[in-house]
Amino acid sequence: MQRRGFLAASAAALAAPHLARAAATDTIRFVPAADMPSLDPIWTTASQTRDHAFLVYDTLFGLDDALQPQPQMLQGAVVSDEGRRWTLTLREGMLFHDNTPVLARDCVASIRRWWARDSFGQVLSGVTDELSAPDDRTILFRLKSPFPQLPNALAKYSSPPCVIMPERLAKTDPFQQVTDATGSGPFRLLPAERVPGARTAYERFAGYVPRPGGEPQGSAGPKRAYFNRVEVLVIPDGATAAAALQRGEVDWLRWPLVDLVPALKKDRSVVVKVIEPLGLIGKFRFNHLHPPFNNVLARRAILPALSQTDYMLAANGEDRTLWRDGVGFFCPGTAMASDAGMQALTSPRDIAKARRLLADSGYKGERTVVMLPSDFPIYKAMAEVTGALLKEIGLNVDVQAIDWATAMQRRAKPDPVEQGGWSVFHTGWGGSEELNPVTNVWLRANGKDAAPGWPSSPTLESLREDWLRAPDVASQQAIAARMQLQAFADLPYIPTGQLYTPIACRADLTGMLNGLPALWNIRRS
């Protein structure tokens, strides 16, 4: 596949327009991969909204560097009645950004809104007989059966995370967007300064009470805000963003263009590093509701032709330290990953076979719309590969270039392509979010309640329930292998490989955490 071409960093620095240099040392400027499509982290799975959410909201539990849940907004948790009763106690003194106290009923309403949309939350909801707030600081779960993964569910930072918002907002229909970002996190949104597609600004929330004791790790521990102001600046052109970083006009690029990484590494004022050791796993997501991919035979026709190597080269270049292929439905190198069914992706590619399978599927030439996010280089590159691939095997392909925020809005609509719908989009999910069948949102196949694409597979859903009831890790691994075989048969999506996407930041920033692109704990030396 032809790779995208970019100016060298030095030339870009000369040609790029200059941003105003930040005069205040108490401001940090962060450049995301794309603009966030919504302020509501329950409504969308976009990582940009998730990152925003962890600035303005907090969670009952957080995940440490070992991806283990730790009390965050909680003073503690007590488990009784043989694991069927969980009593969670809130820390004292926590406030929302409107200076009202955080109460247990806010948490109950937030949990209910979250579990209507989240796959892990749906499992928790299914085993819950009662969720209540007996008093202002107590959250009570009374379960039908023991569910030791309750803290993991409430701590997950994959989208949507279980963030705590005021009850008045949490009672909003989970399928309607909340536009008021009043939270209880370390930073407060400045709505008057938000310019969609350009800038979002936050200020340090003076009323935030960091968790006492311990060290910050991931989304757990004390979240100490050392900058008074955060500016999130959308810079669609990667060369312009890199030049701004080198000039000190911005402090942190979430995903620098891979073509410019070698030049950035040579700049002593800049640090390039990977903060997500399990990387990002790419996805070729089908719309299962409409032709042609409502037909499993048409979905299967793609497999013999699809090369993860092509996707990784297009998205992250020729440096093999920045990606890997041979990736299945669970994060490579973790407990649930296996080789089950992997020959579907690793055997020699066969375009002729793909064409035969497509013809045998009964494909009638239906228009196949591939959304191409023009301002998100990694997913733009993947969509370009897909457009060429689908044309080569004989589909009637319509590649539509749109911005990322619009793509995220559009993918939530289940309409056919004649009414503005879509057939394929590309996204990615952190490897830390694909450790098992519960945390992998895109492996859910419960129809209208699944993530956009809406696959339906009773067998996959049954296997997930078996996995949850499995008595030990060995049993879970065996079920996960069966799930991977079933996923290759049903194809809720196709994994396109694992990317290790580095960040680039100014060398004078210290205290950066692994995992989330957290803007707390960071100082300027």
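Numbers at a glance
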quantity	calculated
Gain upon complete extension [ASP360, LYS448; 0.36 nm per residue less C-alpha separation]	28.9 nm
Extended-chain gain in nm, criterion 0.36 nm per residue less alpha-carbon gap, GLN176 and ARG349	58.0 nm
Hydrodynamic radius by Kirkwood, which averages 1/r over all alpha carbon pairs of segment 280-499, in angstrom	17.5
Scaled radius of gyration (Cα, divided by 2.2 N^0.38 Å) that segment 145-244 gives	1.33
Rel. contact order, % - alpha carbon contacts under 8 angstrom, at least six apart, segment 280-499	36
Debye, to nearest 20: dipole size of segment 153-281, +1 on Lys, Arg Cβ, -1 on Asp, Glu Cβ	320
Taking TYR311, TYR57 and counting other C-beta atoms within 10 Å, the order from fewest to most	TYR57, TYR311
Charge tally in the Cβ shell below 12 Å around VAL195, where Lys, Arg are +1 and Asp, Glu are -1, VAL195 excluded	-1
Value at 222 nm in deg cm²/dmol, rounded to 500, when DSSP H runs of n ≥ 4 in the chain each add -39,500 (n - 2.57)	-8000 deg cm²/dmol
Cα-centred dipole magnitude for segment 280-499, charges only on beta-carbon of K, R (+1) and D, E (-1), debye, nearest 20	380
Chain lengthening between ASP508 and ILE275 when straightened (0.36 nm per residue, less Cα-Cα)	82.2 nm
Charge dipole of segment 280-499 about the Cα centre (unit charges at C-beta), most positive-ward option of ASN440, GLY387, SER361	SER361
Residues listed by number, segment 339-366, amide nitrogen under 16 Å from ASN295 label point at 7 Å toward C-beta	354-366
Which of ILE139, ILE402 has the fewest Cβ neighbours within 10 Å, and the rest in rising order	ILE402, ILE139
Net dipole in debye of the chain [+1 Lys, Arg Cβ; -1 Asp, Glu Cβ; about Cα centre; nearest 20]	480
Distance from segment 415-449 to segment 231-259 (C-alpha centre basis), Å	29
Residue-count net charge about HIS426 - beta-carbon cut-off 9 Å; Lys, Arg +1, Asp, Glu -1	+3
Mean separation of Cα contacts under 8 Å (6+ apart) over length of the chain, as relative contact order %	20
Residue-wise HN-Hα coupling along segment 323-330, computed from phi with Karplus coefficients 6.51, -1.76, 1.60 (Hz; x: Gly, Pro)	6, 8, 10, x, 10, x, 8, 10
Equivalent-ellipsoid semi-axes of the chain, from the Cα gyration tensor, Å, largest first	35, 31, 20
Under 13 Å, Cβ to Cβ, from PRO101 - net charge with Lys/Arg +1 and Asp/Glu -1	-3
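Taken together, the values in this text are just the output of simple stated rules run on the coordinates, not laboratory data. Everything numeric here is computed off the predicted structure, so don't read it as measured data. Backbone-built Cβ (ideal geometry, glycine too); neighbour counts: all protein chains shown.
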